[in-house]
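Below is one structure; the comments refer to it alone.
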Amino acid sequence: MPEFASAHLFKAVIYATASEPEATAGAAEILDHVQSLSMNDREQSLAAALKRLVTGHWNAAAEALDRHNMLYPHDLPALQ
């Protein structure tokens with residue numbers, strides 16, 4: 001298993017946006033694990049937005065993702 005946060009966050013993005021309960025649960029597990037890894041500001045921003053998404057805070061997640069994409073416009077997984 002990779003020990004760099006970006007790989008895990010990419011997988012979490014895919015799961016979190018799948019709109020399936022099992023995938024959402026999988027994204028939440030990934031986000032729990034990624035908290036134990038070293039993350040830069042970009043990774044922390046995406047993780048925080050995804051956490052809002054998987055906990056059902058859709059409006060807060062949308063706002064967080066908008067801000068993330070404004071700050072990191074080349075973060076392709078987040079632009080999905």
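The values are calculated or read from the model by the stated rules, or taken from the named source; none is laboratory data. Keep in mind it's a predicted model, so treat the numbers as computed, not measured. Cβ coordinates were reconstructed from backbone atoms using ideal geometry, including for glycine residues, and neighbour counts include every protein chain displayed. To get the accessible areas, we keep the full protein, side chains included, count just its heavy atoms, and leave off ligands, DNA and RNA. Shrake-Rupley method; radii C 1.70, N 1.55, O 1.52, S 1.80 Å.
Run the helix sum for the chain: -39,500 (n - 2.57) per DSSP H stretch of 4+ residues, divided by residue count, reported at 222 nm to the nearest 500 deg cm²/dmol.
On the way: 5 runs with 58 residues, N = 80.
Calculated mean residue ellipticity at 222 nm is -22500 deg cm²/dmol.
Considering the options Ala16, Val34, Leu46, tell which one lies farthest towards the positive end of the dipole of the chain, charges being +1 on Lys and Arg and -1 on Asp and Glu at the Cβ, about the Cα centre.
Looking along the dipole axis, the top candidate is Leu46.
Please check which bits of region 6-29 a label hung off Ser36 would reach, taking the label as a point 7 Å along Cα-to-C-beta and the cut-off as backbone N under 20 Å.
Residues 6-13, 25-29 qualify, since their backbone N sits under 20 Å from the label point.
Hey, any idea what % of the chain's accessible area is carbon plus sulfur with a 1.4 Å probe? Let's see the in-between values first.
On the way: 2820 of 4960 Å².
Carbon and sulfur together cover 57 percent of it.
Quick one: if you stick a label point 7 Å off each Cα along the C-beta vector at Glu3 and His74, how many nm between them?
So the label points at Glu3 and His74 sit 2.8 nm apart.
Assign unit charges at the C-beta atoms only (+1 for Lys and Arg, -1 for Asp and Glu), then state the dipole size of the chain relative to its Cα centre in Debye, rounded to the nearest 20.
Dipole size: approximately 120 debye.
Could you report the chain's accessible area per residue, 1.4 Å probe, as an integer in Å²? If you can, show how the numbers build up before the last one.
On the way: 4960 Å² over 80 residues.
Averaged over the residues of the chain, the accessible area is 62 Å².
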